[in-house]
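Some notes on the structure that comes next.
The values are calculated or read from the model by the stated rules, or taken from the named source; none is laboratory data. Predicted, not measured: the structure shown is a model, and the values here were computed from it. No Cβ is skipped: glycine too gets one built from the backbone with ideal geometry, and neighbour counts run over all protein chains shown.
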Amino acid sequence: MAGQKKAGDHSGTQDIPAKLRERIERGLERTERDYLTVPQLVRSLPKRLRNTLGIEGETKPGSIAERIGPYLGVGFRIRKGQRSLCVCRTISEEELVFREAARRPGLTSKQLKAKLPLKESEFLPALNSLLQRGDLFCTLNREHRPLVTPVGQPAGAPVREEEDQGPMTREERNAFHKAYETVGSGRRFVRIHLIREHLQWPRERFDRILAELRRNFEVQLHGGDPSSMTETEIRDSYKDEQGRLYIALTWSER
Amino acid sequence: MDREEKLRVLRRKNPFVSVSAGDPWELAYPDVEEVNLEPFEGLSALIREIADNPGTNCAGLVLGEVGSGKTHLISRLLELGRRGDPPFVFAYVQPLEDPEQTFRYLLRETVINLCRPLHQDQKGGSSALDLLVSRILVGDVLNESVRAEGERARKTLQCLRRDPLRVFSMGRERLSRLQRRGVAFLRRSFGDMSGDMARALFAYVDPETRADAVNWLKGAVLDDEDAERLRVQSRSEYSGAALEQEARDVLAGLGRLLARYRIPLLTCFDRLENLETPEQIRAQGKMVEFLVDSVRSVLPVIFARGLQWEETMRDQLNQHVVSRLEANQFVLANCTPEQALALVCERLRIAFGMKVLDHLYPFDEDELREVFSVGLSPREVIAQANRKLRSILREEPAQAESAEDRLRREFKSQVQAVRGDPDSHPPDRGRLRRALELYLGNGLEDGKAARAGSVARPAKKDKYVDLEVLRSQERKGAKGLMIIDTELHHASVRAALKRGVQHLEKNPKNFVLYIRDSRCAFPEPPKWKATNEMLETFRAKGGIALFLDPEQAAEWYALALLAYAVREGDISLPDSGSGSRSVSWSEFKDFINSGLRDDGIERVAEQLRKLAHGGGREIPQAHREQGGDIDAEQTADAAARILRDRPMYMASVSEVAAELPGDFSGRGQERLLRILKGDPDRFEIVQARDASLVKLKREWLHEQGERV
């Protein structure tokens, strides 16, 4: 069965991916970004994990990136940032731009680019595409510089704090849907634990988004037979407030 | 009806207790049209398309997880056919056990379904096969024959056209006169239909030959005498491949007939979670492919769980089949709050016996709407309503029914269903094997299992052997065979027994159980002379033959069907947290282990234990102790059951003693003899030269209402 893992095989190097991804998630939450520079990440790693990965004080970012690369899974990738290599969520350039613009509306396009690990040749087509589609719009400031703002947010509105208890944002919904499609590879019934694994979101955030998608009838949750699943897979599926266990979901077409 | 009265009604009968649709042949619960409307309308449209164009090649796929309403949807479609909108007939096919017999199984299940009464409430009412045969007779055969007859015959035909089924009430003589013409008509109109099939269809008209005709149509190998009576070729010399080919030919022939008379056949394949091996899954694919490509007027529809289909089945099937199925794929949806409220409303309306129900008292509609706002499956909706109602009525959260009790209740009800409708559960080697495997695989406690050794399907393909019992601790090197036989032809039966004899001759420590559903006749001498002699040889070599009477066999079939239902997640229990949950497979195994103690299937395990322990001569200590408690009446009853399965109802006292539970070996035989002598109305003791024989009296059997 796809993605099935044996229970109880968490020892030594087998723990690395989970621990590493947990550290990355924490760092991203703290910095409210979709990427961390490699030195930032290394600073946040516990000594034991650094030793296991063979990272010492003098190891260069390029070598560090090579060592951690194999453990990142499908949720993260290495990108070349403005001044350093970065560990970035595996999302499209357009999505990176949109999410950053949503977090910090009212930045000029240059300021926005400076906050992203994207080359000029990646950033401009992504921004233009979002503007053409009408996902972002521009207003001009007194210096006639364009300020980029997502549609639906008033120009010049303060940066909205991302709260775990707040309603689902458009990018969260899109990220969830994209994960469903990526993990499902054309299937309609997709296992929830695989989507959770792919997104690598904190548990509360994932459950909150899933509950909201369900309440909006965007997804349907299905029980199914958990007897052949490992304990971890069951835990990483979804239990609602009533204690009902759901192991798969379908994206609604209505 | 005032509020107090409503509460009284609900206290008397809670309409939300059951969350399973149960038998697809009965629409057990009121229908809410909007729930799963799209799949229902989609499939109805496909049936209409096939009614208009019987040559349309299509299939359907319905995906839904546990509790999403698969079985209810099947019932709803069946109801649509009964209403005649459009008129169509229906087959409900459960999982295939033996991939070697794919097409024989499909044919058999199809014909069994075609023989069921079209309307559930009419026991013995007209079946789909009646409908088809009457259409052939009225629509074509009589139509031709009255041309040469007078006005009266034409008037009769006009009457019959209005109600073709009345053709069966025509005199037998008249019908037999039509037979030759009918066969000629079928051969002429359907060039590739065999003469045997045409003759079997017309033998169906005659009540005297109907049962044999149905057996032939099911693909059975008839005994020579029965084949001769039907004037069909004997299949006794056919190889397995030839039997499979003939099954395909008969199915294709049925399709052509259904197409001519514009009667679509909806074939629903359900409970496919029970297909365990790739061979079984591929065989399922072959059935669908064949129905789509080679049988006109049939719409095969697979009902499966979404995950199982996408992760397991889909990749093991021919892409041609997959594309056919997925072209008409429907996913069962959870209920919107409005649909969920309508489901609750319908159940309340039926409980109150009202035509219209305006409000949901005693429920608070807003509160329910909030609970249902997340989109629950139909089963979850009912379970939630049940929970709420219990709290409104201030009842305990859930009845303390254990999984074992629930399974026992379901098992008993399944046994009753099989006993009540034996025609729909004909002798089936695959299901008997499944039941035996389940029982022996899960029912033996550790100690007993050690005595019996392990039970498995034969490592090498063996036509006759169903299960092998490997080395036991006490009898190293010994191997036991279980031969399940449902063949009707004496040569096949003899060959199966011979396989047992050969095994016993190979090693005297070996043992063999020959098990036969007694509905498959085993005529006494002088009929089947050589086969009866083989049975005697088999017994003389130490083989044990078990002839399961219909009551015992019903328990075996019920166990296999219960296993299908558990795998499907169809047996549910109230759950204090989520409202309801499905009984798990491990709970089912526990039930087999502890819940079947008093049932007929236990007899096999008993035999097995004896054989494994010492060729039936020694009995485990535990049973020796139990034996002391068995009183004379119980012993006499058990002896009667053993003798009922014996030719001439007779066996040596030592043989009966060996088969009885308890210690009747050695001196115990004398005690047994005393008990049997003490019941002269039932038993007759015959003193032979070297042994005492005991015979069950026919008069006593007559008194019990049994046909002898």
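Quick notes on this one:
This table checks each residue for (1) touching a residue at least 24 places away in the same chain (Cβ under 8 Å); (2) touching an Asp or Glu at 6+ places or on another chain (Cβ under 8 Å); (3) of a type in the set (A, V, I, L, M); (4) under 22 Å from B:SER134 (Cα atoms).
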position: B:MET197; (1), (2), (3), (4): yes, yes, yes, yes
position: B:TYR204; (1), (2), (3), (4): yes, no, no, yes
position: B:LEU217; (1), (2), (3), (4): yes, no, yes, yes
position: B:ALA220; (1), (2), (3), (4): yes, no, yes, no
position: B:GLU225; (1), (2), (3), (4): no, no, no, no
position: B:VAL232; (1), (2), (3), (4): yes, yes, yes, yes
position: B:GLU237; (1), (2), (3), (4): no, no, no, no
position: B:GLU244; (1), (2), (3), (4): yes, no, no, no
position: B:VAL250; (1), (2), (3), (4): yes, no, yes, yes
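- Test: residue in region B:358-367 that is free of Cβ contacts under 8 Å to residues at least 40 places away in the same chain, of a type in the set (A, V, I, L, M, F, W, C), in a loop (DSSP other than H, G, I, E, B) and away from chain A (no Cβ under 13 Å): yes
- Selection within region A:230-240 - more than 9 Å from chain B (Cβ to nearest Cβ) and either in a loop (DSSP other than H, G, I, E, B) or in contact (Cβ under 8 Å) with a residue 60 or more places away in the chain (or both): A:THR230, A:GLU231, A:THR232, A:GLU233, A:ASP236, A:SER237
- Those strands (runs of 3 or more DSSP E) lying entirely in region B:505-616 with at least 2 residues within 14 Å of chain A (Cβ to nearest Cβ) and modelled with pLDDT under 85: B:572-575, B:579-582
- In region B:304-346, the residue that is farthest from B:GLU279 (Cα to Cα) out of those that are in a loop (DSSP other than H, G, I, E, B) and at the interface with chain A (Cβ under 10 Å from one of its Cβ atoms) is B:THR336.
- Residue check for A:PHE217: aromatic (Phe, Trp, Tyr), outside any strand (DSSP E or B) and either touching a residue at least 24 places away in the same chain (Cβ under 8 Å) or facing another protein chain (nearest Cβ under 9 Å) (or both): yes
Okay, residues lined up against (1) in a helix (DSSP H, G or I); (2) surrounded by 13 or more Cβ atoms within 10 Å (Cβ to Cβ); (3) modelled with pLDDT of 80 or more; (4) hydrophobic (A, V, I, L, M, F, W, C):
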position: B:ASP140; (1), (2), (3), (4): yes, yes, yes, no
position: B:VAL167; (1), (2), (3), (4): yes, yes, yes, yes
position: B:LEU175; (1), (2), (3), (4): yes, yes, no, yes
position: B:ARG180; (1), (2), (3), (4): yes, no, yes, no
position: B:LEU186; (1), (2), (3), (4): yes, yes, yes, yes
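- Residue tally, condition modelled with pLDDT of 90 or more, within 8 Å of another protein chain (Cβ to nearest Cβ) and either in a loop (DSSP other than H, G, I, E, B) or touching a Leu at 6+ places or on another chain (Cβ under 6 Å) (or both), over region A:241-254: 2
- Here A:ILE192 passes the criteria (1) loosely packed, with under 13 Cβ neighbours inside 10 Å; (2) modelled with pLDDT of 90 or more except the one numbered (1).
- Hits in region B:369-393 - residues which are touching a helix residue (DSSP H, G or I) at 6+ places or on another chain (Cβ under 7 Å), surrounded by 15 or more Cβ atoms within 10 Å (Cβ to Cβ) and more than 14 Å from every other protein chain (Cβ to nearest Cβ): B:LEU389
- Flag for B:ASN57 being polar (S, T, N, Q), within 17 Å of B:ALA383 (Cβ to Cβ) and in contact with a helix residue (DSSP H, G or I) (Cβ under 7 Å, 6 or more places away or on another chain): no
- All positions within region A:187-207 that are more than 9 Å from every other protein chain (Cβ to nearest Cβ) and out of contact with any Phe, Trp or Tyr (no Cβ under 8 Å at 6 or more places or on another chain): A:HIS193, A:LEU194, A:GLU197, A:HIS198, A:TRP201, A:PRO202, A:ARG203, A:GLU204, A:ARG205, A:PHE206
- Scanning region B:31-71 for residues that are in a loop (DSSP other than H, G, I, E, B) and of a type in the set (Val, Ile, Thr), we see that the one that is surrounded by the most Cβ atoms within 10 Å (Cβ to Cβ) is B:VAL35.
- Test: B:LEU131 is out of contact with any strand residue (DSSP E or B) (no Cβ under 8 Å at 6 or more places or on another chain) and buried (at least 16 other Cβ atoms within 10 Å of the Cβ): no
- Number of the condition not met by A:ARG77 [criteria: (1) surrounded by fewer than 19 Cβ atoms within 10 Å (Cβ to Cβ); (2) at pLDDT below 85]: (2)
- Some residue of region B:392-410 being at pLDDT below 85 and in contact with a Ser or Thr (Cβ under 9 Å, 6 or more places away or on another chain): yes
- Filter pass, A:LEU210 being aliphatic (A, V, I, L, M), within 12 Å of chain B (Cβ to nearest Cβ), surrounded by 19 or more Cβ atoms within 10 Å (Cβ to Cβ) and in contact (Cβ under 8 Å) with a residue 60 or more places away in the chain: no
- Restricted to helices (runs of 4 or more DSSP H) entirely inside region A:53-118, those with at least 2 residues that are in contact (Cβ under 8 Å) with a residue 40 or more places away in the chain are A:93-103.
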